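One structure is given below, encoded as structure tokens.
The values are calculated or read from the model by the stated rules, or taken from the named source; none is laboratory data. What you see is a predicted model; the values in this text were computed from it and never measured. Don't worry about glycine lacking a Cβ; one is built from the backbone with ideal geometry, like all the others, and counts go over all protein chains shown. Side chains included, ligands, DNA and RNA excluded: accessible areas come from the protein's heavy atoms. Shrake-Rupley method; radii C 1.70, N 1.55, O 1.52, S 1.80 Å.
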Amino acid sequence: MTRRVFRYVPFVIEQDQSAEPEYEARCVSGDETECGAESGSYGAPEPVEEWQRRHTQETRHRRYRRNFGDYAVLRPLRGPAALSGAREDEG
Ligand SMILES: [Zn+2]
């Protein structure tokens with residue numbers, strides 16, 4: 001039996017600032033079949049909420065499935081150089 005040894009490297013998990021987060025909603029109202037209307041994807045929650053209010057006004061549908069997505073990057077605590085195995089001169 002072989003054992004793999006992983007060295008513990010501390011990372012900070014951060015939101016990737018170079019990619020916009022994604023907000024969207026889908027109408028799941030309806031007894032047997034969902035309405036299925038979709039807001040489309042936005043970089044902020046407000047347009048999605050606006051769409052929901054409008055959709056509810058037009059259809060009386062009041063139940064939505066919301067999705068939020070973003071990108072995360074793990075940054076080594078000791079700086080970017082640690083990722084490539086390069087040695088840091090300071091720190
Ligand atoms: Zn609907």
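Annotations
- Going by accessible surface with a 1.4 Å probe and the largest first, His55, His61 read His61, His55.
- Ratio Rg/Rh, restricted to region 11-84 and using Cα atoms, in which Rh is the Kirkwood radius: 1.24
- Of the residues Tyr42, Tyr8, Tyr71, ranked by 1.4 Å probe accessible area with the largest first, the sequence reads Tyr8, Tyr71, Tyr42.
- The calculated FRET efficiency for the pair Leu77 and Ser18, based on their C-beta separation and a Förster distance of 22 Å, comes to about 0.60.
- Sequentially through region 2-17, phi angles give Karplus couplings (6.51, -1.76, 1.60; θ = phi - 60°) of 9, 10, 8, 9, 9, 7, 6, 10, x, 10, 9, 9, 10, 5, 6, 6 Hz, Gly and Pro residues having no value and appearing as x.
- A probe of 1.4 angstrom, applied to the heavy atoms of all protein chains, finds Thr59 with accessible area near 50 square angstrom.
- As a calculated quantity, the FRET efficiency between Asp31 and Phe68 at R0 = 35 Å, using C-beta atoms, amounts to about 0.85.
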